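For reference, the structure discussed in these notes is given below.
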Amino acid sequence: MPELPEVEVVRAGLAPAVTGATVISAEVRDPRALKRHLPLGADGLPGDDGLGGHGVRLPFEAGVARAADFERRVTGLVLDAPRRRGKFMWIPVERGAGDESQPGSVPIPLVERGARDESKPDQLALLAHLGMSGQMLLRAHDAPDDRHVRIRLWIEHPAHGELRLDFADQRLFGSLALDRLLPAPDGIDLIPGQALHIARDPLDPAFDDAGFLLALRRRGVGVKKLLLDQTLVSGVGNIYADEALWRARIHPETPGTAIGPRKARELLSALRDVFTQALAEGGTSFDAQYVNVNGQAGYFAHSLNAYGRQGAPCPRCGRPIVRESFMNRGSHFCPKCQQLR
DNA sequence: AAGGCTGCCTGCTTGC
DNA sequence: TGCAAGCAGGCAGCCT
């Protein structure tokens, strides 16, 4: 399942092929992959149709409207270099020449609602979240179909020619969207509105170590839960949370308040190590769920010490790794090395 | 306010 | 063999 290393591998893989490319046409095969896409309202401003958000089934008519809106507004856009925050990835876009001449096109809104500089056009981005099983696949324009392709973009790159950018997603927890870029809370850069609440990741040079350690040690809930909280630190999912906790020898249910400053720093360092190593090995693939933009698996699954290894010996002490149900998911840890005190 | 719970979804695995 | 239930889990919105 895509966490920081996997999303970063995909982002880096997309960069050379999409940067500078123009979207020739778009084809939404399943509007459920547009969960995060908010179509333009009757006033011509991006609004909320009040339908089909997270955890809500998208009504048929709303799906048709969203698909049409997305296809129309994405066509003609010129793609910039892909970026990432946590598990969110986006491609800033610009309107291509001649876009306005499209028959029947409604102008893309140029201003943000409220107190913004109304003379300055809004910057938009093609936002992607891979969810559990999302994939961004770069294919030759005439390549055979992959399974579960939900949205297809035909793009034309000045150097690489015509390509297909296919968003495939078996379980539909992921989605694409056209979103607006807004100043991040710390003012350092522009990020999509839907990712404004996402913290920086531990590999981000601007990550606030002190702030994170303070927040971690102030909260009474279990430390694994805190690691999974994307507003504290981003990019961590179930796999890397278990792996970082194993490396730092911390029981997943240890309250944040029970972690000393040294142990907390050790955990952050473990998180960075596991992310860095996984990134170098191309991410974690168990089955066909996670692949890079060429459909290839990563190798980090072979380097896992705790996740998915219940019953197998702990690489440190030899005691069998246990798996406990926690927050509707599995928690894997060594009962000897990671004791709850 | 912080924390807990729910639903979104498909395909594979397990159980009867 | 066939069907049903269970499981995998990120995220946002709701509730307490």
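This table checks each residue for (1) touching a strand residue (DSSP E or B) at 6+ places or on another chain (Cβ under 7 Å); (2) of a type outside the set (Lys, Arg).
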| residue | (1), (2) |
| --- | --- |
| A:Lys224 | yes, no |
| A:Gln230 | no, yes |
| A:Gly235 | no, yes |
| A:Leu245 | yes, yes |
| A:Ile250 | no, yes |
| A:Ile259 | no, yes |
| A:Ala270 | no, yes |
| A:Phe275 | no, yes |
| A:Gly295 | yes, yes |
Inset, instruction - State whether the residues of the range A:93-115 include one that is at pLDDT 90 or above and touching a Lys or Arg at 6+ places or on another chain (Cβ under 9 Å). - result: no
Inset, instruction - Please determine, by comparing only the residues of the range A:293-334 that are more than 16 Å from DNA strand B (Cβ to nearest atom) and not in a loop (DSSP other than H, G, I, E, B), which one is nearest to the chain's Cα centre (by Cα). - result: A:Phe300
Inset, instruction - Residues being within 16 Å of DNA strand C (Cβ to nearest atom) and buried (at least 19 other Cβ atoms within 10 Å of the Cβ): count how many of those fall in the range A:136-150. - result: 3
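I'm trying to understand the selection: among the residues of the range A:151-171, which are within 16 Å of DNA strand B (Cβ to nearest atom) and either open to solvent by 20 Å² or more (accessible area, probe 1.4 Å) or more than 30 Å from A:Leu232 (Cβ to Cβ) (or both)? Even if it seems obvious, please write down each step before you answer.
First pass over the range A:151-171, keeping only residues within 16 Å of DNA strand B (Cβ to nearest atom): A:151, A:166-171.
Those that are within 16 Å of DNA strand B (Cβ to nearest atom) and either open to solvent by 20 Å² or more (accessible area, probe 1.4 Å) or more than 30 Å from A:Leu232 (Cβ to Cβ) (or both): A:Ile151, A:Asp166, A:Ala168, A:Gln170, A:Arg171.
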Legend entry - Matching residues, the range A:210-250, being basic (Lys, Arg) and open to solvent by 30 Å² or more (accessible area, probe 1.4 Å): A:Arg217, A:Arg218, A:Arg219, A:Lys225, A:Arg247, A:Arg249
Inset, instruction - Inspect all residues belonging to the range A:254-273 and state whether any of them is within 16 Å of DNA strand C (Cβ to nearest atom), in a loop (DSSP other than H, G, I, E, B) and surrounded by 15 or more Cβ atoms within 10 Å (Cβ to Cβ). - result: no
Legend entry - Selection from the range A:10-39 of residues that are away from DNA strand B (no atom under 16 Å from the Cβ), part of a helix (DSSP H, G or I) and open to solvent by 30 Å² or more (accessible area, probe 1.4 Å): A:Arg11, A:Ala12, A:Pro16
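The values are calculated or read from the model by the stated rules, or taken from the named source; none is laboratory data. Here the structure is a predicted model, which means the values were calculated and not measured. Counting neighbours? That spans all protein chains shown, and the Cβs are built from the backbone with ideal geometry, glycine included. Just the protein is used for accessible areas: all its heavy atoms, side chains included, with ligands, DNA and RNA removed. Shrake-Rupley method; radii C 1.70, N 1.55, O 1.52, S 1.80 Å.
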